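Okay, so here's the structure we're looking at.
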Amino acid sequence: MIKFTTMELKYYDKPWLPALKGAFLILFGIFAMLNIIGTIKSLAVFFAFLIAMIGILLIVTGVRYKKSRFRGWTIASGIINLAFCAVLFSMVDTTKTLYEAREGVVLLMFLWVIFFTITEFVEAVLLFTLKNAFAALFVINGLLTLLFAYFLNIVSLDFTPEKVFNLGLLALVTGIVNELSAYLLSQLKEGR
């Protein structure tokens, strides 16, 4: 039996956040597998919108849930996401060549994915310390996000249609896992 505690981690009590991330990754995966994405710059704009949505939702959620033990963590995570978004948008506007895009824009996207992976593992540890079995979901999502970062790095070194397809396939799988996580978390929330 899972012990339920009142907490407001980034995802645990908000199943719509992994659902949002999952939907983004599924769309990105389909676009990448069909080679609709086109350029690194358009990929960066797509990422920037995701990062902005996540950042805004985290800040609003942190402000809204004033009794949360992890309110500061949620708000700080949202602010960091918005900072990544602002820098990424400014880099996309100033990048002129494909080489500059690979060097700056893709590096920043890679760093954001690593940051997001770290937040997944932090939340897994927090759930684990509370003896909550849903920590496993965050470990799985963290590992898949880390694998996504690895493939993003490979694509940035050699932007071929095959590598973009593989990145898209991984994004699709990661998106589906996020949707399943959101479903499980929503069932938990309804069962309280």
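Readers should treat all values here as calculations from the given coordinates under stated rules, not as data from a laboratory. Model, not experiment: these values are computed from the prediction. Every residue, glycine as well, gets a Cβ built from its backbone with ideal geometry; the counts of neighbours run over all protein chains shown.
Applying a 10 Å radius around every beta-carbon, put 124-132, 173-181 in order of their mean neighbour count, most first.
Descending mean neighbour count gives 173-181, 124-132.
Which percent of the Cα-Cα distances in the stretch 16-185 go past 26 Å?
In whole percent, the share of Cα-Cα pairs in the stretch 16-185 beyond 26 Å is 26.
Evaluate E = 1/(1 + (r/R0)^6) for Val45 and Lys66, where r is the Cβ-Cβ distance and R0 equals 25 Å; express this FRET efficiency to the nearest 0.05.
Working from the Cβ atoms, E equals 0.15.
Taking the simple approach of a point 7 Å from Cα along Cα-to-Cβ for both Gln187 and Trp16, what is their distance in nm?
It is 2.2 nm.
Say each of Ala133 and Leu169 gets a label point 7 Å from the Cα, pointing the same way as Cα to Cβ; how far apart are those two points in nm?
Here the answer is 3.3 nm between the modelled labels.
Stretched out fully, how many nm does the piece from Asn35 to Ser90 gain, at 0.36 nm a residue minus the Cα gap?
Extending this stretch completely gives an extra 17.3 nm.
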